[in-house]
Each structure stands twice: as C-alpha cells, then as structure tokens.
Amino acid sequence: MYPTLLVLHSLFRWLVLACLLYSIYRAAVGLIRNRPFAKTDNAFRHWTATVAHIQLMIGILLYTQSPFVKSFWRHPQTAFQDLNLTFYGLFHLLLMLVAIVLLTIGSAMAKRKTADRQKFQTMLIWFSIALVLIFVAIPWPFSPLSGRPYLRTF
Ligand code: HEM
C-alpha cells in the first residue's frame with residue numbers, strides 16, 4: 001500500500017499545481033478584462049478545491065504508512081535533529097494543511113460573492129497564497145528541506 005500511495009501522491013501534486021495555476025490565470029484574466037464569471041470559471045474553482053482535498057486524503061493515508069513519519073514519532077526529541085524526518089513528520093503536514101484550508105476558504109468565499117469581479121478577486125488572492133505555501137512545502141529535488149524526484153512510476 002505504501003509504494004502505491006507514494007506514487008499516487010507524487011503524481012497528484014502535478015494535478016494540484018496545474019489546477020491551481022490555471023484557476024489563478026483565469027481569475028487574473030477575468031479581473032483584468034472585466035469578464036463575466038463563467039461556468040468554466042466556477043468549474044475550475046470547484047475542481048481545484050476537490051483535487052486538493054483528494055491529495056489531502058492520500059497525504060493523510062501516506063502519513064499513517066510512511067517510515068519517515070513513524071521514525072519521527074518514535075523518538076520526536078532526537079528526530080528534530082534530522083531535517084528530513086522533521087520535514088515529513090511536521091513541516092510538510094502543517095504547511096499543506098494550512099494551504100488547503102486557505103484554498104477551501106477562498107473557494108467557498110468566491111462562491112458566495114455576488115459580483116463577478118469580487119469572485120475573481122477572491123479566487124486570485126486565496127488561491128495564490130495557497131499556491132505559494134504548496135510550492136514551498138513540496139519536496140522538490142532542489143529543496144533544501146527534503147529532495148524527492150519530480151516523477152515516480154508504479
Ligand atoms: C497539496 C498538498 C500536497 C502536495 C502537493 C504534496 C506533495 C508531496 C510530494 C511531491 C511528496 C514526495 C513524494 C515522493 O517521494 O515522490 C510528498 C511526500 C509526502 N507527503 Fe505530501 N503533499 C501534500 C499534502 C500532504 C498532506 C496534507 C500530508 C499529510 C497529512 C502529506 C504527507 C506526506 C508524507 C508523509 C510524505 C512522505 C512519504 C514518504 O516518503 O514516506 N502530504 N508530498
């Protein structure tokens with residue numbers, strides 16, 4: 001189960017990023033060009049939040065299986081000296097949770113706004129903040145916190 005979850009979680013990151021980037025792009029263009037908030041905009045608002053929630057579920061399952069997390073919680077005091085263990089035991093989880101909560105709030109607030117400009121504005125701000133947090137918390141191969149591959153296959 002662990003290897004499958006790891007591959008799924010790794011691949012899903014690209015879907016989360018693609019949805020977020022495209023939603024942000026649509027919100028920015030909609031705002032600049034004074035466009036009406038179309039059905040497609042609403043679909044991307046909705047699906048971006050849904051894809052992030054699916055990634056959250058995979059992440060939670062992975063958290064219960066990961067040898068890094070298990071090792072972190074076995075001896076938290078000494079584990080704090082190991083950046084790799086602290087990253088998966090604490091930082092990655094907390095940053096991603098905050099990002100997904102912000103994304104969810106942004107999506108819900110945009111849905112409730114009545115003016116189209118306000119819908120775009122709300123999406124643009126909240127999704128952009130979430131994107132920055134997610135980008136920082138992803139273990140990119142170049143990350144000083146923990147380096148993982150761009151792609152994993154089954
Ligand atoms: C948008 C949200 C998230 C993204 C984009 C994301 C992305 C990633 C990526 C790219 C990896 C590296 C996978 C690899 O080694 O190839 C990873 C590892 C991991 N993620 Fe996430 N993650 C997210 C949310 C979460 C959440 C909310 C949790 C926990 C509740 C979580 C738990 C983990 C764990 C435990 C690992 C390390 C697993 C291991 O190597 O044993 N992730 N994540």
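The values are calculated or read from the model by the stated rules, or taken from the named source; none is laboratory data. Just so it is clear, the structure is predicted and the values come from calculations on it, not from any experiment. When we count neighbours, we look across all protein chains shown, and the Cβ atoms used for this are built from the backbone with ideal geometry, even at glycine.
A few notes on this one:
- PHE44 being crowded, with 19+ Cβ neighbours inside 10 Å and either over 20 Å from TYR2 (Cα atoms) or modelled with pLDDT under 95 (or both): yes
- Complete set of residues in the stretch 92-120 that are more than 12 Å from ALA49 (Cα to Cα) and within 16 Å of the ligand (Cβ to nearest atom): HIS92, LEU93, LEU94, LEU95, MET96, LEU97, VAL98
- Residue match in the stretch 66-82 (condition: within 18 Å of ILE129 (Cβ to Cβ), touching a residue at least 40 places away in the same chain (Cβ under 8 Å) and surrounded by 15 or more Cβ atoms within 10 Å (Cβ to Cβ)): no
- Pairs with Cβ under 7 Å, 6+ apart, first in the stretch 85-100 and small (Gly, Ala, Ser), second more than 10 Å from the ligand (Cβ to nearest atom): GLY89/TRP73; GLY89/ALA79
- Residue list for the stretch 39-91, filter: more than 14 Å from the ligand (Cβ to nearest atom) and either among the aliphatic types (A, V, I, L, M) or not in a helix (DSSP H, G or I) (or both): ALA43, HIS75, PHE80, GLN81
- Residue list for the stretch 1-31, restricted to those being assigned to a helix (DSSP H, G or I) and either in contact with a His (Cβ under 6 Å, 6 or more places away or on another chain) or more than 19 Å from ILE129 (Cα to Cα) (or both): TYR2, PRO3, THR4, LEU5, LEU6, VAL7, LEU8, HIS9, SER10, LEU11, PHE12
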